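*Asks:* One structure is given below, represented as structure tokens, and several questions about it will come after.
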Amino acid sequence: MSEWHELVIQGAERTLRAFVVGFSAGRGETARILYGGDIELETASIGERLKELFAAGSHHAVFAPAPFVAALADAVNARGKEVSLRIESRRVVTGASFSFRVEVFTPELAREIRALLVESLPPGARVDGFSEQQESHPEARGPEPFAPLHSCEYRASGRVIGAFVAVIDVWKRAHEHECVETGSLSIEGNPLE
């Protein structure tokens, strides 16, 4: 599995995305690229100083495999001034994590969510602090969404941690599921010069 890097670039987001697309097309590469604006980043993992800058919309994170980021950084350093882009920081991504919480009221949804978050994790990802509780109440009656007591109650929570790409893939699947409440992604890394 390739090492991933994070670039934090100052400039307009549309300009940055156009620059990256043009750079990638010019190289004939189809590297997987993730933009911080497309995922919910936990700003505390980037630092208090950058938190304010991200909120202002002037700084944007780009994640990609190390060889691509190295070449992209060279291109931004060489030609970025022409389009008002400047590298703020670069780091090796060492891991990622996010918390989740679930509360559903059917055994089918409970099995589906358990499979998503526990049983089908990709290599490099694991669940830490997993807690689950399932209760059955056969005496419950009435239309299920409005019943004061549901015939099945499933609650689960935990934190998915591990390799960046594996955690991102699980976060995207969980985030798209309407019954899973996902926390922001925390990205760990080591700064590069």
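A short reminder: the numbers here are calculations on the coordinates, not readings from a lab. Note that this is a predicted model, so its numbers are computed, not measured. All Cβ positions, even for glycine, are placed from backbone atoms using ideal geometry, and neighbour counts span all protein chains on display.
*Asks:* For residue 29 and residue 184, compute 0.36 nm times the residue count separating them, minus their Cα-Cα distance, and round to one decimal in nm. Can you show the working numbers first?
*Replies:* Numbers: separation 155, 0.36 × 155 = 55.80 nm, distance 2.94 nm.
Result: 52.9 nm gained on full extension.
*Asks:* Between residue 175 and residue 77, what is the label-to-label distance in nm when each label sits 7 Å out along the Cα-to-Cβ direction?
*Replies:* Inter-label distance under the simple model: 3.0 nm.
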